[in-house]
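Asker: Following this message is one structure expressed as structure tokens.
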Amino acid sequence: MQHIEKFRYTFKGKIWKYQGKGGWYFVTIPKALAKKIRDVHYVSEEGWGRLKTSATINTTTWSTSIWYDTKIGSYIIPVKAIVRKSESLTDGSLVKIDLVFSLDKWFSNLI
């Protein structure tokens, strides 16, 4: 079995609801951490500053992406309805999020 290294980051933030169409819920990644993530993973960004990742809140883990929002100078992460429901989260809930980025994706973009 091959062991694939991962980049791991943990932060806390509040869930907020986008006021536009769709009513998505997000958490903003703290700017200092966003800078660190962008410095390391910039080569892996896809369209609109998107980075694929997996996220964990409490006992719920899901595949997702973070997007770089140039207006706020940080990444935002969407929090799906199924995650909010299973963890009893609402607008304004303070959460701890663990992000995991695969090293193989990052490394392949450097070659």
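Asker: So, in the range 88-105, of the ones that are surrounded by fewer than 16 Cβ atoms within 10 Å (Cβ to Cβ) and out of contact with any Phe, Trp or Tyr (no Cβ under 8 Å at 6 or more places or on another chain), which residue ends up nearest to residue 50 (Cα to Cα)?
Answerer: So the residue we want is 104.
Asker: Can you tell me which residue is most open to solvent (accessible area, probe 1.4 Å) among those in the range 52-66 that are of a type outside the set (S, T, N, Q) and modelled with pLDDT of 95 or more? Break it down stepwise before answering.
Answerer: Step one: filter the range 52-66 for residues of a type outside the set (S, T, N, Q), giving 52, 55, 57, 62, 66.
Right, trim to modelled with pLDDT of 95 or more and you get 55, 57, 62, 66.
Working: 55: 0, 57: 2, 62: 19, 66: 0 Å².
If we take residues in the range 52-66 being of a type outside the set (S, T, N, Q) and modelled with pLDDT of 95 or more, then 62 is most open to solvent (accessible area, probe 1.4 Å).
Asker: Strands (runs of 3 or more DSSP E) wholly in the range 1-89 with at least 3 residues that are in contact with a Leu (Cβ under 9 Å, 6 or more places away or on another chain) - which ones?
Answerer: 6-17, 50-57, 60-69, 74-78
Asker: I would also like to ask the following. Quick check on the range 21-51: of everything there that is open to solvent by 60 Å² or more (accessible area, probe 1.4 Å) and small (Gly, Ala, Ser), which residue is farthest from residue 100 (Cα to Cα)?
Answerer: Selected residue: 22.
The values are calculated or read from the model by the stated rules, or taken from the named source; none is laboratory data. Not measured: the values here are computed from a predicted model. So basically every Cβ, Gly included, is an ideal-geometry build from the backbone, and we count neighbours across all protein chains shown. All accessible areas refer to the heavy atoms of the entire protein, side chains included, with ligands and DNA or RNA removed. Shrake-Rupley method; radii C 1.70, N 1.55, O 1.52, S 1.80 Å.
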